[in-house]
Amino acid sequence: MPAAPVRSSTQEALPIEDIRDDLVILKDGSAALILQVNAINFSLLSEKEQDAIIYAYAGLLNSLNFSIQIMIRSQKKDITGYLSLLEKAKTSQENPLLKGLIDKYQVFIRETVTQAEILDKKFYLVIPFSALELGAGQAASTVLDQFLPKSKKTQKTLDVDRVVEKAKTSLEPKRDHLIRLLGRIGLVAQQLGTNELIRLFFRIYNPDAKIVDNALSKEYISPIIRDNRSETKK
């Protein structure tokens, strides 16, 4: 007898259940709110300024009564667009001297990227919401469902609307508190919206995708990928 086909999907291996209302909802009933934080050039500051930031950061950490996660994402800098912009500027330039300077600058940029790997770093703060905050009964049923065989799993045990409601109530005051403390250090933090979260995780799980910006340029009001498991053949 021929082997039965494997009916599985990539989505089943991912921990994310949904991205909704600027939150990441996980399959175990937990959730997360993500802030993107700008960077400051610490090495250019004076010694007194560096000490002030260090003490302020220590005070920030000591003042927190909830957990946070710090994520630094490094990607190789893609300068293709920048080089194309320089090429257009050189083509439209009528002054031979300026055209020659642009050409030399293009060579310099290419050599710099070839000799040293240029990285684009982005900084994120993740504020988690535990499934235990949903209540003992809901949390237990949701977590246990993750360990059941596929044939015994319920069709849908997670009430996403309830998770979103509880998570927003818990996370929004923590977000505001953290943004205020970061502002004292001179850092600007901004919460990622739903579409920004979709773009972020798409890039994380599809690092080689070349058309991500074009593919994710529109606002999504319905699921990108539909679950066909509940459909029955007639």
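The values are calculated or read from the model by the stated rules, or taken from the named source; none is laboratory data. What you see is a predicted model, and the numbers here were worked out from it, not measured in a lab. A quick note on method: Cβ atoms are made from the backbone with ideal geometry, for glycine too, and the neighbour counts reach across all protein chains shown.
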remark   = Only one of L33, L86, L64, L45 is in contact with an Asp or Glu (Cβ under 8 Å, 6 or more places away or on another chain) and not β-branched (V, I, T), namely L33
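Quick one: in segment 1-23, of everything that is among the hydrophobic types (A, V, I, L, M, F, W, C) and closer than 30 Å to G193 by Cα, which residue is modelled with the lowest pLDDT?
Narrowing segment 1-23 to residues among the hydrophobic types (A, V, I, L, M, F, W, C): 1, 3-4, 6, 13-14, 16, 19, 23.
Narrowing the set further to residues that are closer than 30 Å to G193 by Cα leaves 13-14, 16, 19, 23.
Details: A13: 75, L14: 81, I16: 89, I19: 92, L23: 94.
Here the answer is A13.
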task = Can you run down the residue pairs with Cβ atoms below 9 Å, 6 or more apart or on separate chains, where the first is in segment 159-178 and farther than 10 Å from I25 by Cβ and the partner is among the aliphatic types (A, V, I, L, M) and assigned to a loop (DSSP other than H, G, I, E, B)?
result = K174/L64; K174/I68; H177/L64; L178/L64; L178/I68
Residue in segment 3-25 that is without any contact (Cβ under 8 Å) to a residue 60 or more places away in the chain and touching a strand residue (DSSP E or B) at 6+ places or on another chain (Cβ under 8 Å) present = yes
note = Selection from segment 29-50 of residues of a type outside the set (S, T, N, Q), assigned to a loop (DSSP other than H, G, I, E, B) and more than 20 Å from F66 (Cα to Cα) yields A39, I40, L45
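Among the candidates S46, S67, S92, S30, single out the residue that is more than 21 Å from L119 (Cβ to Cβ), hydroxyl-bearing (S, T, Y), in contact with a helix residue (DSSP H, G or I) (Cβ under 7 Å, 6 or more places away or on another chain) and at pLDDT 85 or above. Spell out how you get there, then give the answer.
Details: S46 fails: in contact with a helix residue (DSSP H, G or I) (Cβ under 7 Å, 6 or more places away or on another chain); S67 fails: in contact with a helix residue (DSSP H, G or I) (Cβ under 7 Å, 6 or more places away or on another chain); S92 fails: in contact with a helix residue (DSSP H, G or I) (Cβ under 7 Å, 6 or more places away or on another chain).
S30 is the lone residue from the list that is more than 21 Å from L119 (Cβ to Cβ), hydroxyl-bearing (S, T, Y), in contact with a helix residue (DSSP H, G or I) (Cβ under 7 Å, 6 or more places away or on another chain) and at pLDDT 85 or above.
Looking at segment 100-125, which of the residues that are of a type in the set (A, V, I, L, M, F, W, C) and modelled with pLDDT under 80 is nearest to the chain's Cα centre (by Cα)? Lay out the reasoning, then the answer.
Of segment 100-125, the ones of a type in the set (A, V, I, L, M, F, W, C) are 101-102, 107-109, 113, 116, 118-119, 123, 125.
Narrowing the set further to residues that are modelled with pLDDT under 80 leaves 113, 116, 118-119.
On the way: V113: 26, A116: 26, I118: 21, L119: 17 Å.
Looking at the filtered set, the residue picked out is L119.
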inquiry  = Contact list please: Cβ distance under 7 Å, first residue in segment 71-86 and farther than 17 Å from G100 by Cα, second residue at pLDDT 80 or above and in a helix (DSSP H, G or I), pairs at least six apart or on different chains.
reply    = I79/I109
